[in-house]
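Beneath this line is the structure, given in structure tokens, with notes to follow.
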Amino acid sequence: MEVFIDDLGSTVAWLAVAFALMGAGFIVVDLLTPGDLRKQVSDNLNAGLLVGGKMVAVGIIVFSAIWTAPDGLSDGLIEAVLYSSLGLVMSAIAFLLVDVVLPVDLRRIVEEKEFDPAVCVAVGAEVGLALVVAAAIS
């Protein structure tokens with residue numbers, strides 16, 4: 001029980017960083033797409049998949065940052081924020097590149113009610129890039 005209590009503060013700190021970074025991931029998708037993403041995810045599969053892919057991607061990066069963090073809590077948290085921020089920037093660039101390469105307007109897909117398979121390509125790019133960032137961290 002003492003170990004749990006001793007680790008509680010660092011666990012809460014890591015969770016706070018993870019939630020903040022996932023929130024930042026949502027904001028990135030919201031900035032890259034038109035409309036109110038909060039409303040769109042509740043009734044649009046395309047928007048839900050894009051946001052879900054971003055959450056998985058950020059989770060992979062944060063997991064890797066925690067797993068390989070230096071012993072000092074503050075150093076580990078700072079490193080996690082830096083690597084995750086790099087991952088968010090790179091994923092935004094990847095999203096825009098996929099939008100250019102695909103024959104659809106990926107930024108507008110979140111407004112379409114009908115499922116578009118191109119959203120799967122964007123999710124794949126998100127998760128793939130997150131795995132690369134995670135590997136670079138370790």
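The values are calculated or read from the model by the stated rules, or taken from the named source; none is laboratory data. None of the values given here were measured: they were computed from a predicted structure. Cβ coordinates were reconstructed from backbone atoms using ideal geometry, including for glycine residues, and neighbour counts include every protein chain displayed.
Residue pairs whose Cβ atoms lie under 9 Å apart, separated by 6 or more positions or on different chains, with the first residue in region 29-40 and farther than 23 Å from Val127 by Cβ and the second aliphatic (A, V, I, L, M) and modelled with pLDDT under 90, are Pro34/Val110; Gly35/Val110.
Every listed requirement among (1) surrounded by 13 or more Cβ atoms within 10 Å (Cβ to Cβ); (2) under 30 Å from Gly9 (Cβ atoms) is met by Val110 save one, (2).
Just so you know, in region 114-137 the residues that are closer than 21 Å to Val41 by Cβ and more than 13 Å from the chain's Cα centre (by Cα) include one that is surrounded by the most Cβ atoms within 10 Å (Cβ to Cβ), and it is Val119.
Is at least one residue of region 88-100 modelled with pLDDT of 85 or more, within 15 Å of Gly23 (Cα to Cα) and among the polar types (S, T, N, Q)? Among the residues of region 88-100, not one is modelled with pLDDT of 85 or more, within 15 Å of Gly23 (Cα to Cα) and among the polar types (S, T, N, Q), which makes the answer no. Restricting attention to region 89-118, the residues that are within 15 Å of Thr33 (Cβ to Cβ), in a helix (DSSP H, G or I) and touching a residue at least 40 places away in the same chain (Cβ under 8 Å) add up to 7. In region 71-81, the condition of being touching an Asp or Glu at 6+ places or on another chain (Cβ under 9 Å) and not in a loop (DSSP other than H, G, I, E, B) is met by no residue.
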